[in-house]
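Undergrad: Before I ask anything, here is the structure I am working with.
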Amino acid sequence: MKSPLSSSSSSMGVLRKPRLSPYLFTLLTFIVFITILYGEDFICIFGQLEPIPGRTISRPVKKREKLAFAIGKSEEKCDVFKGMWVRDELTRPLYEESECPYIQPQLTCQEHGRPDTEYQKWRWQPHGCDLPSFNATLMLETLRGKRMMFVGDSLNRGQYVSMICLLHRLIPEHDKSMKSYNNDALTVFRAKDYNASIEFYWAPFLLESNSDNAIIHRVSDRIVRRGSMNKHGKHWKGVDILVFNTYLWWMTGLDIKILKGSFEDEEKEIIEVSAEDAYRMAMRSMLRWVRKNMDRKKTRVFFTSMSPTHGKGIEWGGEPGENCYNQTTIIEDPNYWDSNSRKSIMKVIAEEFNKSKFPITFLNITQLSSYRKDAHTSIYKKQWSPLTAEQLANPVSYADCVHWCLPGLQDTWNELLFSKLFYP
């Protein structure tokens with residue numbers, strides 16, 4: 001009796017070769033075609049050779065997520081931070097100093113005797129595009145039922161006050177209020193009918209420091225506590241739009257003292273590091289806090305770059321010993337850069353932000369503000385201590401070339417914030 005195998009073999013005669021599936025054949029053909037067409041590109045992508053000059057490499061494009069609050073997008077290839085200042089007496093200023101009762105006396109230059117208003121009549125014009133007009137109605141409606149907070153030093157407080165000045169006229173007197181809490185560390189402006197708040201939180205280093213008292217913070221020996229973002233961050237939770245700044249307080253000209261433990265420790269372990277290394281530490285802590293506490297689908301985070309100073313007239317072609325005092329014109333050199341604005345710090349920001357998993361909108365106000373030597377408060381502000389006869393005889397000696405008059409330059413910062421919030 002023959003086995004089944006033998007019987008089968010006999011009936012079929014010669015064994016047939018296995019056939020290639022038409023589906024598999026099609027797939028293999030497609031792979032070979034793609035390999036021939038894009039082989040060089042694949043090699044370039046994996047870093048094994050440099051791209052061929054003149055050849056456009058095809059790469060998969062990741063779809064950009066829509067940022068919270070965005071209603072459109074900016075013009076193609078438009079950098080709103082690059083441009084020039086143009087005179088505009090028709091639309092500037094955006095409000096009058098006397099119309100905004102929320103401006104601190106440190107920033108009310110007209111009230112304190114500044115004789116000119118020319119600094120109020122400049123508008124920022126980006127190259128090749130326009131800034132969208134600040135729409136106070138849209139801003140308030142967007143803030144309905146939400147919180148917006150500015151966190152940082154007195155320069156960020158100036159931008160905070162500017163935002164309130166831009167909005168408060170639309171709110172009836174009985175529906176708005178401003179109060180301070182936590183020994184003035186937190187200031188809250190409320191628009192009751194909108195159930196909205198615009199807030200400022202004093203944290204000049206963002207991290208905990210011995211300069212955190214919002215009233216008495218002028219200490220010569222500044223110390224910053226490492227890894228302490230939650231000390232202040234607990235007050236920021238639940239905010240929908242967060243605007244950070246920190247720079248000036250790091251620029252002591254010396255290394256920064258970093259506390260490893262707690263300010264309550266009897267024996268404190270303190271190390272000294274460069275301003276760049278200390279600043280990097282703060283940026284990493286801030287980005288870590290943002291990643292853990294902010295919802296990228298519902299919230300937005302902004303970071304305002306360093307605000308320039310104008311303490312050395314010789315840098316813009318002035319006389320030795322000059323500063324911002326009595327300056328009424330802008331700097332027209334497009335390449336001018338304030339020496340107090342360290343590019344090494346800008347590099348730190350770029351490096352750390354590029355690694356962030358949470359989208360941070362960078363408000364690069366440094367270059368455009370560096371042209372505005374005319375816009376500082378100078379001597380036209382409330383002086384907290386009586387001036388000496390020597391100071392009165394030499395106004396340059398006590399001119400404030402750090403802070404800015406309102407209305408003025410910081411309204412433009414908020415126009416840029418408005419642009420990036422709605423048209424990123």
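The values are calculated or read from the model by the stated rules, or taken from the named source; none is laboratory data. These numbers come from a predicted model, not from an experiment. Every residue, glycine as well, gets a Cβ built from its backbone with ideal geometry; the counts of neighbours run over all protein chains shown. To get the accessible areas, we keep the full protein, side chains included, count just its heavy atoms, and leave off ligands, DNA and RNA. Shrake-Rupley method; radii C 1.70, N 1.55, O 1.52, S 1.80 Å.
Undergrad: So which residues in region 51-98 are modelled with pLDDT of 85 or more, part of a loop (DSSP other than H, G, I, E, B), over 19 Å from Trp124 (Cα atoms) and open to solvent by 70 Å² or more (accessible area, probe 1.4 Å)?
TA: Matches in region 51-98: Ile71 only.
Undergrad: When the residues of region 380-416 are narrowed to those that are among the polar types (S, T, N, Q) and assigned to a loop (DSSP other than H, G, I, E, B), which ends up nearest to the chain's Cα centre (by Cα)?
TA: Taking region 380-416 first, the residues among the polar types (S, T, N, Q) are 383, 385, 388, 391, 394, 397, 410, 412, 414.
Then drop every residue that is not assigned to a loop (DSSP other than H, G, I, E, B), which leaves 383, 385, 388, 394.
Working: Gln383: 30, Ser385: 33, Thr388: 39, Asn394: 36 Å.
Checked region 380-416; the qualifying residue nearest to the chain's Cα centre (by Cα) is Gln383.
Undergrad: Quick check, is Pro115 surrounded by fewer than 22 Cβ atoms within 10 Å (Cβ to Cβ), without any contact (Cβ under 8 Å) to a residue 12 or more places away in the chain and either in contact with a Pro (Cβ under 9 Å, 6 or more places away or on another chain) or in a loop (DSSP other than H, G, I, E, B) (or both)? I'd like the intermediate steps shown before the answer.
TA: On the way: surrounded by fewer than 22 Cβ atoms within 10 Å (Cβ to Cβ): yes; without any contact (Cβ under 8 Å) to a residue 12 or more places away in the chain: yes; either in contact with a Pro (Cβ under 9 Å, 6 or more places away or on another chain) or in a loop (DSSP other than H, G, I, E, B) (or both): yes.
Yes; evaluated as a whole, the condition is true for this residue.
Undergrad: A follow-up question, please. Condition first: on the phi > 0 side of the Ramachandran plot and over 19 Å from the mean Cα position of the chain (by Cα). Can you find one or more residues in region 328-338 that meet it?
TA: First, pick out the residues of region 328-338 that are on the phi > 0 side of the Ramachandran plot: none.
No: region 328-338 contains no residue that is on the phi > 0 side of the Ramachandran plot and over 19 Å from the mean Cα position of the chain (by Cα).
Undergrad: Something else now. For region 381-421, enumerate the residues that are over 19 Å from Pro105 (Cα atoms) and in contact (Cβ under 8 Å) with a residue 24 or more places away in the chain.
TA: Filtering region 381-421 for residues over 19 Å from Pro105 (Cα atoms) gives 388-394, 396-397, 412-421.
Once the filter is applied, which keeps residues that are over 19 Å from Pro105 (Cα atoms) and in contact (Cβ under 8 Å) with a residue 24 or more places away in the chain, region 381-421 yields Val396, Thr412, Trp413, Asn414, Glu415, Leu416, Leu417, Phe418, Ser419, Lys420, Leu421.
Undergrad: Additional query: Starting from region 213-227, keep only residues that are touching a residue at least 40 places away in the same chain (Cβ under 8 Å), then list their pairs with residues that are open to solvent by 70 Å² or more (accessible area, probe 1.4 Å) and of a type in the set (Lys, Arg) whose Cβ atoms are within a distance under 6 Å, requiring at least 6 positions of separation or different chains.
TA: Listed by first residue and then by second, the contacts come to Arg226/Lys260.
Undergrad: Taking Leu368 as meeting all but one of (1) at pLDDT 95 or above; (2) part of a loop (DSSP other than H, G, I, E, B); (3) not charged (D, E, K, R), write down the number of the exception.
TA: (2)
Undergrad: Go through (1) of a type in the set (Ser, Thr, Tyr); (2) over 21 Å from the mean Cα position of the chain (by Cα); (3) not in a loop (DSSP other than H, G, I, E, B) one by one and return the number of the condition Ser162 breaks.
TA: It fails just one condition, (2).
Undergrad: Look at region 325-346 and say how many of its residues are without any contact (Cβ under 8 Å) to a residue 40 or more places away in the chain, open to solvent by 30 Å² or more (accessible area, probe 1.4 Å) and not acidic (Asp, Glu). Give the derivation first.
TA: Filtering region 325-346 down to residues without any contact (Cβ under 8 Å) to a residue 40 or more places away in the chain leaves 332-333, 335-339, 341, 343.
Of the ones still in play, those that are also open to solvent by 30 Å² or more (accessible area, probe 1.4 Å) are 332-333, 335, 337, 339, 343.
So of that shortlist, the ones also not acidic (Asp, Glu) come out as 335, 337, 339, 343.
So the count comes out to 4.
Undergrad: While we're here: Just name the residue that is nearest to Tyr371 (Cα to Cα) out of those in region 315-324 that are in a loop (DSSP other than H, G, I, E, B) and open to solvent by less than 60 Å² (accessible area, probe 1.4 Å).
TA: The first filter runs over region 315-324 and keeps only residues in a loop (DSSP other than H, G, I, E, B), leaving 317-324.
With open to solvent by less than 60 Å² (accessible area, probe 1.4 Å) added as a condition, the list becomes 318, 323-324.
Details: Gly318: 14, Asn323: 13, Cys324: 12 Å.
Among them, the one singled out is Cys324.
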